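Structure first, then comments.
The values are calculated or read from the model by the stated rules, or taken from the named source; none is laboratory data. Being a predicted model, the structure only gives us computed values, none of them experimental. As a convention, Cβ positions derive from the backbone with ideal geometry for all residues, glycine included, and neighbour counts pool all protein chains shown.
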Amino acid sequence: MKLNKLTIMLGAAVMANAALANQTCEAPYRSALPAYTYKLDKVLEVNGRQGITTDGKYLYVSGSKTLSKYDMDGKLIKENKDPFVGYQKEANHIGDIDIYNNELYVSSEWFDAGVGKKTFKLLIHDPDTLALKKDQLILILSQVKSKFPASP
């Protein structure tokens, strides 16, 4: 019986110390962070859910098999429903995108049953036409794994 009481008392002490540590550890960090307030101004419905980027004038959205360009009010300006045309290696899935120096960087791969099967590619599309501009940034998944062994 004494062992059970001791266990309960030790457990309660540990829990109390954990709660106190949690409060004291968070306090200095909270005061160091800027106080931001966010307000949702509007919601834009877009064709895609893989990635989004902006050059400040337009929004670019990637779907699994599409690229779209919108004005900042959400009006569709251009859509490429077959963005894989011109790819040197076979691909069927677009992931995230980004824009830099008027070039739209598109990550793509061959995707099957939830797994990237062949080659992961980073290609450049034209932000005006959304068509392929350069098919030169090809990364073979096995090369990535050899350089970064912890990669899945």
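Listed values, structure above:
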quantity: L130 being crowded, with 18+ Cβ neighbours inside 10 Å, closer than 17 Å to N47 by Cα, over 17 Å from the mean Cα position of the chain (by Cα) and not acidic (D, E); calculated: yes
quantity: Any hit, region 96-117, residues being among the basic types (K, R), modelled with pLDDT of 85 or more and surrounded by 13 or more Cβ atoms within 10 Å (Cβ to Cβ); calculated: no
quantity: Looking only at region 133-152, and only at residues there that are over 21 Å from the mean Cα position of the chain (by Cα) and not in a loop (DSSP other than H, G, I, E, B), the one that is modelled with the highest pLDDT; calculated: K133
quantity: Within region 81-107, tally of residues that are within 21 Å of the chain's Cα centre (by Cα), of a type in the set (S, T, N, Q) and at negative phi; calculated: 2
